[in-house]
Amino acid sequence: MLLFFAYNKLRRLSKNIKQNQINTHTTVKKGHDITRRISDIASSYGDHEKLTHLKSMMEKF
């Protein structure tokens, strides 16, 4: 009987470890995706600012 409870506990702990690994992987992936999106936004904002600067320079001449 004791072996039965020990086996079930080990199975439950194993399942928890696997689920925690999946959760960690998902969190890291979301962090990378957010970082990439922020980088893209900053890049497009920089391009917009360059265009705005060029337009204002062209209007002066």
Between 0 and 90 degrees, rounded to the nearest ten: what's the tilt of helix 2-60 against the longest Cα principal axis of the chain?
0
Per residue, how much accessible surface does the chain expose to a 1.4 Å probe? Answer in Å², no decimals.
102
Tell me, what % of the accessible area of the chain is carbon and sulfur with a 1.4 angstrom probe?
64
Quick one: Kirkwood hydrodynamic radius for the chain, alpha-carbon pairs, angstrom, one decimal?
16.2
Restricting to lysines 8 or more places apart or on different chains, can you count the pairs in segment 12-61 with Cα atoms under 27 Å from each other?
5
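The values are calculated or read from the model by the stated rules, or taken from the named source; none is laboratory data. Owing to the predicted nature of the structure, the values given are computational and were not obtained by experimental measurement. Side chains included, ligands, DNA and RNA excluded: accessible areas come from the protein's heavy atoms. Shrake-Rupley method; radii C 1.70, N 1.55, O 1.52, S 1.80 Å.
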